[in-house]
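Chemist: The structure's right below; bear with me while I get my questions together.
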Amino acid sequence: MKPVFVRPQSLTDKPFHFCPGCHHGVIHRLVAEAIDRFGVRERTIAAASVGCSVFLYDYFDVDVVESPHGRAPAVATGIKRTNPDKFVFIYQGDGDLAAIGTAEIIHAANRGENLTVVFVNNTVYGMTGGQMAPTTLLGQPTTTSPYGREFGQDGYPIKMTEMLAQLEGVGFAARVAVDTPARLTQARKAVLRAFETQLEEKGMGFVEILSSCPTNWGMKPVEAVRRIEREMIPYFPLGVYKERKGSDAL
Amino acid sequence: MSESKVTFEKGNVALAKAAVAAGCRYYFGYPITPQSDIPEYLSGVLPRLGGQFVQAESEVASVNMLLGAGATGKRAMTSSSSPGISLKQEGISYMAGSEVPGVIVNVQRSGPGLGGIAPSQGDYFQATRGGGHGDYRVIVLAPASVQEMYDLTVLAFDLADAYRTPVMVLADAMIGMMKEPLKEWVPESQEPAKDEWALTGAAGRPGRRIKSLYLGDGELAEHNWKLAQKYERIRREETRVQTELPEGCELAVVAFGSAARIAKSAVDRLNDEGRRVGYVRPITLWPFPEAEVRKVAEQGVPLLTVELNTGQMVEDVRLAVEGRAPVHFAGYPPGHLPSPDDIYDEIVRRLPAGEEAA
Ligand SMILES: Cc1ncc(C[n+]2csc(CCOP(=O)(O)OP(=O)(O)O)c2C)c(N)n1
Ligand code: SF4
Ligand SMILES: [Mg+2]
């Protein structure tokens, strides 16, 4: 009998430490599947970031270097420029990528670095206890926006995929979610495209994944999943924002 | 080792040439005076050698690129000047913590803040005390001539690899910008094999981690002790100093880098005039040549520390001396580069009275 559900080879057998209902685990799986699918495990080097995904290296059986908070795109640039034959991916949260690391991601994208970026947007700083992130929605209470995020005080939630899609150096940019089976399928495809973009040397392959953080949203897992559709998707529309086609290599 | 003929070269260019000779093919940086000759030179040379030159968006980004390159075992470097080195401290701390080799060049200008572009040794504390957060050390090499810009840069790459640690070449605007004769030489490669630890893609082996996060019970203390032992080994084996102590030495000048160079002219002149003045020039600022300085003090020789700042290395001198001899200080903050005559006067002022040579 053919097994229908197996652990991707590039994942270790260590159980995820994420909270119940957290999407980081699902997203790890998608990335691991893509590594297996393209057979790049033995030439992958990943740069982990700082956030709930910092333990990436406990779960992925690939070479991993830890980056300072927000700097993974620069660390990955250093890896890829000196090892163009390697497959290099980074995995960053929204605080990491869209706040402290804004300069690094924009310039890595603008230089057209051949990197795959997995951007996990859960609208909070998960690891540090649910503080406001640049992606926190208007009205959303967090531990540092106790009355809800307000424009006059905190500005608007930042839309990274739309911004990065403007840059010539980006070969692929999409926003996806993993809250329903149909969307999971779309997300899987987008991750594969973000991998292919690097393998075809078409610049940065960027995929933003809307993700749950039941713990810091103060919600039960099921409620949290519903919030993605109800509140996040209307503000962060899903879709492919940029796709460099066929032969138009960078 | 093969040598070439002598040319007349700027300190910064000598340093860049040494990096190439040492096998460095990757440079990451951000422009800042007075070190821009380094990226300007390497941006022309490295791409032709199959290497990479990346002008990053900031010093923060460039040091993290160095971290990435170093993690894969590649010889790489970054260079900057004081304000940029402040920004690099985050990356340097991570490199030290995760034991990633790499060379960082600081062609010092003056601070604090935007300061100015005049030569200064104001970053001694920052360089020798670690600079970033956490309990770590950085090997700091202080060239005092254009030739040493070359020689010590070659050494920097070897030390970085040998100890898997960041190494800083601490120059300044004077040494970086002046021209002097340079004898280039191509070192025999001292690059050790790195397949035991470098990230190369996990072919036929489990994935590897290069990291500095240790949350397990006692793990971080163990890691810190492991680093401390490495630093102890470096102290023992890599301390470098130039000492010239005449018989019956009356006073010894302690200085490094460009201050040492200026002081040396004054010391030589006094000795020509029949005085007996010693000269102690730390070449490694960390590890500081404590034992050597102490030895001088144990002979009861007073010391005069000369620095292009208001007093930084003098603290290390005092720590080494531990009250065994008087420690004087002559400081020159940016804007007043002393002449050999200035230092001559400072030395004469401190020479023990009545001991003048006949
Ligand atoms: C320089 C620096 N500043 C702050 C922190 C503290 N810190 C750790 S993780 C984090 C935010 C992580 O949030 P995010 O990137 O959204 O990841 P998540 O945990 O939500 O997946 C912060 C602020 C740090 N480690 N380093
Ligand atoms: S805090 Fe949030 S992001 Fe972090 S593991 Fe828990 S649910 Fe996931
Ligand atoms: Mg987050």
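The values are calculated or read from the model by the stated rules, or taken from the named source; none is laboratory data. All values derive from a computational prediction rather than experimental measurement. Every residue, glycine as well, gets a Cβ built from its backbone with ideal geometry; the counts of neighbours run over all protein chains shown. When the accessible area is computed, the model is the full protein with side chains, heavy atoms only, and any ligands, DNA or RNA have been set aside. Shrake-Rupley method; radii C 1.70, N 1.55, O 1.52, S 1.80 Å.
Chemist: Inside region A:48-156, counting only strands (runs of 3 or more DSSP E) that do not spill past its ends, which hold 2 or more residues that are within 28 Å of B:Met77 (Cα to Cα) and away from every other protein chain (no Cβ under 14 Å)?
Modeler: In region A:48-156, A:116-121 are the strands (runs of 3 or more DSSP E) which contain 2 or more residues that are within 28 Å of B:Met77 (Cα to Cα) and away from every other protein chain (no Cβ under 14 Å).
Chemist: Name the residue, out of A:Gly21, A:Gly25, A:Gly70, A:Gly93, that is within 16 Å of ligand 3 (Cβ to nearest atom) and free of Cβ contacts under 8 Å to residues at least 12 places away in the same chain.
Modeler: Exactly one residue qualifies, and that residue is A:Gly25.
Chemist: Can you name the condition, by its number, that A:Val50 falls short on among (1) within 16 Å of ligand 3 (Cβ to nearest atom); (2) open to solvent by less than 10 Å² (accessible area, probe 1.4 Å)?
Modeler: All conditions pass for A:Val50, except number (2).
Chemist: So, one more: In region B:141-181, which residues are part of a strand (DSSP E or B) and surrounded by fewer than 24 Cβ atoms within 10 Å (Cβ to Cβ)?
Modeler: Result: B:Lys179, B:Glu180, B:Pro181.
Chemist: Going through region B:128-140 one residue at a time, which ones are surrounded by fewer than 24 Cβ atoms within 10 Å (Cβ to Cβ) and small (Gly, Ala, Ser)?
Modeler: B:Gly130, B:Gly132, B:Gly134
Chemist: Of everything in region A:94-115, what is open to solvent by less than 20 Å² (accessible area, probe 1.4 Å) and under 17 Å from A:Ala173 (Cα atoms)? Give them in sequence order.
Modeler: Listed by number, the residues that qualify are A:Asp94, A:Leu97, A:Ala98, A:Glu104, A:Ile105, A:Ala108, A:Ala109, A:Gly112, A:Glu113, A:Leu115.
Chemist: Of all residues in region A:185-226, count the ones that are open to solvent by less than 20 Å² (accessible area, probe 1.4 Å), part of a helix (DSSP H, G or I) and more than 15 Å from ligand 2 (Cβ to nearest atom).
Modeler: 7
Chemist: Quick one: which of A:Gly205, A:Gly155, A:Gly169 is at positive phi and away from ligand 1 (no atom under 16 Å from the Cβ)?
Modeler: Among A:Gly205, A:Gly155, A:Gly169, only A:Gly155 is at positive phi and away from ligand 1 (no atom under 16 Å from the Cβ).
Chemist: So which residues in region A:124-149 are open to solvent by less than 50 Å² (accessible area, probe 1.4 Å) and either within 10 Å of ligand 2 (Cβ to nearest atom) or among the aromatic types (Phe, Trp, Tyr) (or both), if there are any at all?
Modeler: The answer is A:Val124, A:Gly126, A:Gly129, A:Gly130.
Chemist: Hey, another quick one. Confirm whether B:Arg261 is surrounded by fewer than 23 Cβ atoms within 10 Å (Cβ to Cβ), in contact (Cβ under 8 Å) with a residue 60 or more places away in the chain and of a type in the set (D, E, K, R).
Modeler: Against the criterion (surrounded by fewer than 23 Cβ atoms within 10 Å (Cβ to Cβ), in contact (Cβ under 8 Å) with a residue 60 or more places away in the chain and of a type in the set (D, E, K, R)), B:Arg261 qualifies.
Chemist: Only one of B:Ser120, B:Ser81, B:Ser110, B:Ser86 is assigned by TED's automatic domain parsing to the domain that holds B:Gln52 and surrounded by fewer than 24 Cβ atoms within 10 Å (Cβ to Cβ). Can you tell me which?
Modeler: B:Ser86
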